[in-house]
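The structure under discussion appears below in the form of structure tokens.
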Amino acid sequence: MTEDVIVLQPGDERAQKIGKAIASQTANDILHILAEGQKTASDLTGFLNIPMGTLKYHIDNLLEAGLVEVAETRYSVKGREVKVYRLKDQLVIVAPKMTNIRSILLKYASLFAIVIVASMAMLAILPLFQATGCRRADRCPGTGLFHGRMHGHSSALPVRGLQVAAE
């Protein structure tokens, strides 16, 4: 589960750092590999087949942007410090500053209301078609529609002034 939800505005210092950090394909590749699990710098250079200096540049940008963090520090057989990196557990949203949240909510609420009204209207009309006894290959009484097959496709065509012979 995501620990943090970060909302940034375009132009915000952190938003700019994130933009810089993810601008290259190499940084995106690092993020995709870390999405699979924690990795050391050596692991990442092996996966990506890039020099350690290139990896360090991108890791530093990702760390500064707050997208990656050091999960733990291990020590190699030679006693060297080895950092293990992982994705930071967060949701980052970049959105314009909302000065009037109420107007935005009302805008989406009215759109939702339109969808509900249209759905209810369709549900109210549907029983009228079923009640008329409309069946394939005959005229639907009171609707002006004729059901039939045309070029292998089922269709409902409006019929005006056409007399359908009764069986």
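Please treat every number below as a calculation from the coordinates, not as lab data. Being a predicted model, the structure only gives us computed values, none of them experimental. So basically every Cβ, Gly included, is an ideal-geometry build from the backbone, and we count neighbours across all protein chains shown.
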What's the extension gain from residue 97 to residue 75 if we count 0.36 nm per residue and subtract their Cα-Cα distance?
-> 3.4 nm
Fewest-first sequence of 85, 57 by Cβ atoms within 10 Å of each Cβ | 57, 85
Among the DSSP beta bridges whose two residues both lie in segment 4-94, what percent are antiparallel, rounded to the nearest 5?
-> 65
Residue 84 label point, 7 Å along Cα→Cβ, cut-off 13 Å on backbone N: hits in segment 26-62?
-> 37-41, 43
